[in-house]
1. Look at ILE36 and say whether it is within 13 Å of the ligand (Cβ to nearest atom) and at pLDDT 95 or above.
2. Considering every residue within region 72-87, establish whether at least one is under 16 Å from ASP8 (Cβ atoms), buried (at least 16 other Cβ atoms within 10 Å of the Cβ) and not hydrophobic (A, V, I, L, M, F, W, C).
3. Quick one: in region 1-19, of everything that is closer than 16 Å to PHE117 by Cα and part of a loop (DSSP other than H, G, I, E, B), which residue is farthest from the chain's Cα centre (by Cα)?
4. Tell me, which strands (runs of 3 or more DSSP E) lie completely within region 20-122 with 1 or more residues that are under 30 Å from ALA173 (Cα atoms)?
5. Testing ILE177 on (1) farther than 22 Å from ALA25 by Cβ; (2) modelled with pLDDT of 95 or more, one condition comes back false. Which one is that?
6. Quick one: in region 195-210, which of the residues that are loosely packed, with under 13 Cβ neighbours inside 10 Å and charged (D, E, K, R) is modelled with the lowest pLDDT?
7. When you look at ALA138, is it away from the ligand (no atom under 12 Å from the Cβ), small (Gly, Ala, Ser) and surrounded by 20 or more Cβ atoms within 10 Å (Cβ to Cβ), yes or no?
8. Taking region 105-120 as the region of interest, how many residues are within 11 Å of the ligand (Cβ to nearest atom) and in contact (Cβ under 8 Å) with a residue 40 or more places away in the chain?
Amino acid sequence: MVPVITLDGPGGSGKGTVSRLVADAFGFHILDSGAIYRVLAYAALKNNVDFADENALCKLALSLNLSFRPAGEGVAAILDGEDISKEIRNETTGSNASRVAALPSVRTALLDRQRAFQQEPGLVGDGRDLGTVVFPDATLKIFLDASAEERARRRYLQQKENGNPQPLEEILAEIKIRDDRDRNRPVAPLKPADDAVVIDTTEMTIPEVVERILSLASDRGIGS
Ligand code: DC
């Protein structure tokens, strides 16, 4: 079986950065499942698909001409040949992604697309339901958490670095709304899998989190 490490958790818990570093350590592939939901939300807006029209969103999810390719430190999202990585990274798209992601048939439509990432020599995937739904047999399941205040602070610093800062209180309010929607939806809600290791990163540095995961992975025979 091709090994899979899943990293689930709320926005701002450090999943993206940590999964990239863990994937690099093992030379594994990366799946940023949130980017798929973001691309879908972006494509829906572009094609005037109503966020309440589950059927149309489901069709769009099945027909997305989407690929990812390595770019700098991360991966670029390519939709119909166009690099839309920047366009999908704002909070409006994040919030729209959370809305389309609450629709059961949309989630089902995106399952095969996500599972196709499980390829030799291994995969590190991050999202909300990778350990609970997408890869229930994953070799190692991690749930990264952090207080909403700390996650808002991290996002604020990230945006400042990218030159488009937003007031901290505004970010915190958005984070709380999105958390609430992701945690309380009836299908594939954000929660740790029963066999996940929960790591609270509020007071941890990124290298500390990565070290912890690498050690857990090696306990499970990954990389040996
Ligand atoms: O991780 P992210 O912020 O890029 O994800 C954007 C939204 O997509 C998130 O608020 C909920 C949804 N999502 C999901 O429902 N399931 C996943 N596996 C990943 C993301």
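1. Here the answer is yes, as ILE36 does meet what is asked.
2. First, the residues of region 72-87 that are under 16 Å from ASP8 (Cβ atoms): none.
No, region 72-87 has no match at all.
3. Across region 1-19, the extreme among qualifying residues is MET1.
4. In region 20-122, 29-32, 74-79 are the strands (runs of 3 or more DSSP E) which contain 1 or more residues that are under 30 Å from ALA173 (Cα atoms).
5. Every listed condition holds for ILE177 apart from (2).
6. GLU203
7. Against the criterion (away from the ligand (no atom under 12 Å from the Cβ), small (Gly, Ala, Ser) and surrounded by 20 or more Cβ atoms within 10 Å (Cβ to Cβ)), ALA138 qualifies.
8. 4
The values are calculated or read from the model by the stated rules, or taken from the named source; none is laboratory data. All of these numbers come straight from a predicted model, not from anything done at the bench. Reconstructed Cβ throughout: ideal geometry from the backbone, glycine too, with neighbour counts over all protein chains shown.
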